[in-house]
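*Asks:* The structure is given below, and queries will be raised subsequently.
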Amino acid sequence: MLEIQGLSKTYGNNVAVDNVSFSVPDGQVGILLGPNGAGKSTIIKSIAGLLRYKGAIRIQGLPARSMDAKKVFAYVPEIPNMFDALTVREHIEYIRMAYSSDITDEEVDEILREFEMEDKQEKLGNELSKGMMQKVSICCALAVKPRVILLDEPMVGLDPAAIKKLKEIVLDLRNKGVTVLISTHMLEMVEELWDIMFVMEKGHIVGSYTKKDAEGRDLDELFFAMTG
Ligand code: ATP
């Protein structure tokens, strides 16, 4: 379970996120949907502990800032960060050690295979395209075996095959009871994935819907009715 209560974040005089509260139940896929600048990344970065903010965030019942919470979640940033001098495999090994993950070599092989990265394992961080960095970033997150995973605009920069694979992985994570939060400005990318959706505009949540609320309704219409 991921719980956000009264989250606010300002950059100078700019209120990026204004008193936002929402939660994603265990084993569900939550979507933060909204245009550029709505505040989605600010929320995800706050949960990930990269920003100072006002409000309370709990991950699996633990304060998000606690070390125990940090052990159970993984974060895939919008813009992946790579070490120039580490190979693809070494990036995953590094995360595996840092998180004391019990993932096996075979499971790492399987993750790499899923993203067709097996033959790219020895490539260095500074030899990777943006799309490949994004895939490595997702592989690293999966290597943590997280209970909660945050994906910030994860489809941007991925080729169609990788998007398809990522969607399968998200559904697989959900089947395993992992809680997922995805930010996106592209409704069509998440249509078959979501359980609960939070529509954002100018730092606020202007609508929240469960899959059941939206049954039989046209999602685009719903979205435009909320955002005008
Ligand atoms: P995008 O997909 O473009 O990142 P977003 O919905 O994720 O959009 P945020 O990146 O959270 O939105 O930005 C919310 C607001 O905060 C915007 O007005 C943005 O200009 C501002 N903002 C974000 N990061 C910073 C920063 N480091 N310094 C100053 N203002 C920022």
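*Asks:* Whole number please: convex hull volume per residue of the Cα set in segment 47-150, in Å³?
*Replies:* 100
*Asks:* Give me the extension gain from E122 to H185: residue separation times 0.36 nm, minus the current Cα-Cα distance, reported in nm with one decimal.
*Replies:* Contour length minus the Cα-Cα distance gives 19.3 nm.
*Asks:* Ok, one more. Assign one of three labels to segment 88-133, namely rounded, prolate or oblate, based on the Cα gyration tensor with a ≥ b ≥ c the square roots of its eigenvalues; rounded applies when a/c is under 1.5, prolate when it is not and a/b is larger than b/c, and oblate otherwise.
*Replies:* Verdict is oblate for segment 88-133.
*Asks:* Relative contact order of segment 1-225: what whole-number percent is it, with Cα pairs under 8 angstrom and at least 6 residues apart?
*Replies:* Value for segment 1-225: 30 percent.
*Asks:* By how many nm would the segment from L171 to T104 lengthen if fully extended, with 0.36 nm per residue of separation less the alpha-carbon distance?
*Replies:* Taking 0.36 nm per residue and subtracting the Cα distance, the gain is 22.0 nm.
*Asks:* For K202, which lysines qualify as cross-link partners when the Cα separation must be under 23 Å and same-chain residues fewer than eight apart are set aside?
*Replies:* K202 reaches K9, K40, K45, K54.
*Asks:* Nearest-5 percent of antiparallel DSSP beta bridges in segment 1-225?
*Replies:* Working: 21 of 39 bridges.
Within segment 1-225, antiparallel bridges account for around 55 percent of the total.
*Asks:* Over segment 1-225, average the accessible area per residue using a 1.4 Å probe and give it in Å², no decimals.
*Replies:* Accessible area per residue: 48 Å².
*Asks:* Charges on Cβ only, +1 for Lys and Arg, -1 for Asp and Glu, centred on the Cα centroid of the chain; of L62, N13, S23, which one is farthest towards the dipole's positive end?
*Replies:* About the Cα centre, the residue reaching furthest to the positive side is N13.
*Asks:* Ignoring the sites themselves, what is the longest stretch of the chain with no GluC sites (Glu not before Pro) in a DSSP loop and at most 14 other beta-carbon atoms within 10 Å? Walk me through the numbers before you get to the answer.
*Replies:* Working: sites that count: E116, E122, E191, E192, E215.
The answer is 1-115.
*Asks:* For the pair A85/R52, report the inter-label distance in nm, with labels modelled 7 Å from Cα in the Cβ direction.
*Replies:* 3.3
*Asks:* Oh, and also: For a test of the definition: using alpha carbon positions, the gyration tensor, and the 1.5 limit on a/c, classify segment 3-54 as rounded, prolate or oblate.
*Replies:* Prolate, since a/c reaches 1.5 and a/b exceeds b/c.
*Asks:* Could you give the C-alpha radius of gyration of the chain expressed as a fraction of 2.2 N^0.38 Å, taking N as the number of residues it contains?
*Replies:* In units of the globular-protein estimate, the chain measures up at 1.00.
*Asks:* On the protein heavy atoms, probe 1.4 angstrom, tell me the percent of accessible surface of the chain carried by carbon and sulfur.
*Replies:* 50
*Asks:* Pulled fully out, how much extra length does the chain show between E215 and D26, if you take 0.36 nm times their separation in residues and subtract their Cα-Cα distance?
*Replies:* Net length gain for the segment: 65.9 nm.
*Asks:* Less than 13 Å from a label point 7 Å out along the Cα-to-Cβ axis of A161: which backbone N atoms in segment 98-121 qualify, by residue?
*Replies:* The answer is 113-120, whose backbone nitrogens lie closer than 13 Å to the label point.
The values are calculated or read from the model by the stated rules, or taken from the named source; none is laboratory data. Remember, predicted model here, so these are calculated numbers, not experimental data. Cβ sites come from the backbone with ideal geometry, for glycine too, and all protein chains shown count toward neighbours. SASA here: full protein model, heavy atoms, side chains in, ligands and nucleic acids out. Shrake-Rupley method; radii C 1.70, N 1.55, O 1.52, S 1.80 Å.
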